[in-house]
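Every read-out reported here was derived from the displayed coordinates using simple, explicitly stated rules and does not represent laboratory data. This one's a predicted model, so the numbers in the text were calculated from it and none came from an experiment. All Cβ positions, glycine included, derive from the backbone under ideal geometry; neighbour counts span all protein chains shown.
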Amino acid sequence: MENKFKEKRAAVSNSIWSDWRDQLRESELVGLHQRLEKMEREMLLDWLQWHNPKGNYTDRKCIENGVQQLSKLKAIEYIYKEILRFHMKRKYNAFSNTRVQLMFNN
């Protein structure tokens, strides 16, 4: 009985909205900056808050912590850097998990 409850709760917590965030994170780098510029500031802040829940990205959290509110340009910059970091990390892990055979000339 408990497992069924956990399954339903997990299904509800994985809402449709998490889908676009994952897709944005895994999207191609070509044209990403233009795609981010077309998005609304609130969506950008929502993505940043989803990516790093401990960060001061939403207006409410910025006001509570006495930090200047994040502009749309800064949000685009942060998201682009995080997605770039994600892609570089994935490429590095893919490369480091492959077998490398070294050949030496004696």
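Structure notes:
- Charge context of H87, other residues only, Cβ under 13 angstrom, K/R +1, D/E -1: +3
- Cα gyration tensor category, rounded, prolate or oblate, for segment 13-84 with a/c compared to 1.5: oblate
- In this rough spin-label picture, where each label sits 7 Å from Cα along the Cβ direction, the Q68-E82 distance is 2.0 nm.
- Around Q69: net Lys/Arg minus Asp/Glu count, Cβ-Cβ under 11 Å: +4
- Remark: the K89-E26 segment gains 21.5 nm on full extension, using 0.36 nm per residue and subtracting the alpha carbon distance.
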